[in-house]
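The values are calculated or read from the model by the stated rules, or taken from the named source; none is laboratory data. Here the structure is a predicted model, which means the values were calculated and not measured. Cβ placement follows ideal geometry from the backbone for every residue including glycine, while neighbour counts extend to all protein chains displayed. Ligands, DNA and RNA are excluded from the accessible area calculation, which covers all protein heavy atoms including side chains. Shrake-Rupley method; radii C 1.70, N 1.55, O 1.52, S 1.80 Å.
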Amino acid sequence: MKKILLALVVACGTLTSCDMNNEPEGTITLGEGIQSMSDVHSARTGLYSYLRGRSGGTYTTLSDLQTDLFIGTMQNGNSYLPFTTGNILSNDGDIQGIWAGLLNGIMQCNYYIENVGAYGEHAELSADNRKAFNRYMAEAYFCRGYFNYLMMYYFCGNYDAATAGNEGTGIPLCLKYQPSSDRGTYPGRSTLAATYTQIEADLAKACEGLEEFEATDMQALVPGGGGYLNSYAVKALQARVALMKGDYARAQALSTDIIQSGYFPLTQISDYADMWLNDSGDELIFQPYGDAEQRGEVPALGSIFNQVSPLQVKWAPSAALVQIYAAGDVRRTAFIKNYTVNYNGAQLRTPAFNKYPGNPLFDSGNVSALKNLPKPFRTSEQYLILAEAANALGQDDVANEALNTLRAARIENYEEQSYSGNVLRDQIRQERVKELAGEGFRLGDLRRWNLGFTRDGGYNTTTYPDMGSFIITASLQCVYTPGDYKYVWPIPSAEMETNPQLKGQQNPGY
């Protein structure tokens, strides 16, 4: 009887490097193989389950806690404390978990690409099955590219053509599924240039395969993709990677293509809050599938920031984030709530971050589970990429148009503005905060803009009179300087000990 394991891979505490003795969960067991399209379908389900788990939760929100957007409170039980104090260490368990979880996902993709690919080379498939098979392979290449991108985002520094070819600046590139206990076979870190090249190559294959499928079947070219990947989700990640690389012409071309396709128009003001509550909106280029039966596998995004019963605020939006939204901005009411919590036996008024309020579909009782489906790719990000890239290229008219279009979909009675040069640049950067707060972009933005930060605890004392006693003081004492080494996470110490090829390749500062 075939063993088809569809459980999510759990980010384990013991790191296993690129080669693993144990096969990754969510795949079909070696030796029992891919023997039919039914096996291919089942293995694809495992890939999507893994993609859903790794496109939300701590994989995308944890890094924002490290920045100036959030301040730890006395109710968070010291959760993620190093991220608020700036005491980032190579043995941090949360960082280890993300490294291991992403690595396991990459190995799952490798297994799929190799074994499902081998089945497809020899199987006699009908025309419909061949078309579906090619689509699934494209999805697997996307997943590997996405997981490698996340590894690069957290564990690599900024791209600089002058240094990108230096050894040990990228991630270990794992392109084969090779279970082994021989530590001598584990790869060291690649160059950053090679890391980008590999991500770009996987995404190119993914885009080509999905575009081929969409030429005759457009079922995924709808908001959210119907829970499935489409070529525009691939282009959205390609645009993001191009922006990180500083390839502004490519970033602009890709974001423009997505916007002009018309498939994923900006969600308008009247529907914006509902997009975050009920996981439904026109601008969702891709959103993983999840239903009530799968509620146990849907990440509880909101629980990182708040607790419902008893009501607690674990991470408060900083005073700067609370104050950044203008009157009439739907994001102010959608993301920032005022809560009254019980602290030290008294009632205390505090702002709360409510971007992930919990979809009632995933509640198992009367109390919100604070679970929402991840939203890794939205058209609003593409407008911001277009604006930033155009500004960098000196095309301020294009940048202003993109910025004004986004703001008109967020702010009641918005009147268009025209900026230029660095003023326009700063307006675009501010808009990224307004739109993308809590989605994991801030750490990389500050790093590539070469900015430092301190956290703003200067809350309005009329509205929030007791915040000084509620927030963790060390949050305000934490200072990041431009180019701070902590903008790049350390390679986990357990991984450094397991893989001898990583000797001397730890990130600076750790």
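Answer yes or no as to whether N338 is farther than 20 Å from S475 by Cα, open to solvent by 10 Å² or more (accessible area, probe 1.4 Å) and touching a Pro at 6+ places or on another chain (Cβ under 7 Å).
Here the answer is yes, as N338 does meet what is asked.
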Check: Just to be sure, is T256 hydroxyl-bearing (S, T, Y), farther than 16 Å from Q287 by Cα and open to solvent by 10 Å² or more (accessible area, probe 1.4 Å)?
Finding: yes
Checklist line | From the options T195, T267, T256, T216, residue that is β-branched (V, I, T) and either without any contact (Cβ under 8 Å) to a residue 12 or more places away in the chain or under 30 Å from L502 (Cβ atoms) (or both) | finding: T195
Check: Cβ-Cβ below 7 Å, separation at least six or inter-chain, first residue in region 70-82 and closer than 17 Å to S303 by Cβ, second open to solvent by less than 10 Å² (accessible area, probe 1.4 Å) and in a helix (DSSP H, G or I): which pairs?
Finding: F70/D64; G72/T84; G72/S475; Y80/L62; Y80/L65
Next item on the list: Report yes if some residue within region 460-480 is open to solvent by 20 Å² or more (accessible area, probe 1.4 Å), touching a helix residue (DSSP H, G or I) at 6+ places or on another chain (Cβ under 6 Å) and farther than 14 Å from T73 by Cα; otherwise report no.
Entry: no
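Here is a yes/no grid of residues against (1) assigned to a loop (DSSP other than H, G, I, E, B); (2) of a type outside the set (D, E); (3) under 24 Å from I491 (Cα atoms):
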| site | (1), (2), (3) |
| --- | --- |
| I98 | no, yes, yes |
| I106 | no, yes, yes |
| I113 | no, yes, no |
| L125 | yes, yes, no |
| R135 | no, yes, no |
| G145 | no, yes, yes |
Notebook entry, point to check: Name the residues in region 219-253 that are among the charged types (D, E, K, R) and closer than 21 Å to D282 by Cα, would you?
Noted result: K235, R240
Note to self: Exactly one condition in (1) on the phi > 0 side of the Ramachandran plot; (2) surrounded by 22 or more Cβ atoms within 10 Å (Cβ to Cβ) is false for S55; which is it?
What the structure shows: (1)
Item checked: Matching residues in region 148-172 - criterion: being in a loop (DSSP other than H, G, I, E, B), of a type in the set (A, V, I, L, M) and open to solvent by less than 10 Å² (accessible area, probe 1.4 Å) -> A164, I171
Check: Counting only residues that are open to solvent by less than 30 Å² (accessible area, probe 1.4 Å) and β-branched (V, I, T), which one in region 173-195 is farthest from the chain's Cα centre (by Cα)?
Finding: T191
Note to self: Test of understanding: among V222, V241, V234, which residue is open to solvent by 20 Å² or more (accessible area, probe 1.4 Å) and among the β-branched types (V, I, T)?
What the structure shows: V222
Next item on the list: Please tell me if G262 is more than 30 Å from R349 (Cα to Cα), small (G, A, S), under 21 Å from the mean Cα position of the chain (by Cα) and surrounded by fewer than 16 Cβ atoms within 10 Å (Cβ to Cβ).
Entry: no
Check: Out of all the residues in region 83-113, which are aliphatic (A, V, I, L, M), touching a residue at least 40 places away in the same chain (Cβ under 8 Å) and surrounded by fewer than 22 Cβ atoms within 10 Å (Cβ to Cβ)?
Finding: I88, L89
Next item on the list: Hey, can you tell me all the residues within region 223-256 that are closer than 18 Å to A138 by Cβ and β-branched (V, I, T)?
Entry: V234, V241
Note to self: List pairs: first residue in region 394-409 and closer than 21 Å to L436 by Cα, second residue of a type in the set (G, A, S) and open to solvent by 10 Å² or more (accessible area, probe 1.4 Å) anywhere in the structure, Cβ distance under 7 angstrom, at least six positions apart or on different chains.
What the structure shows: N400/S418
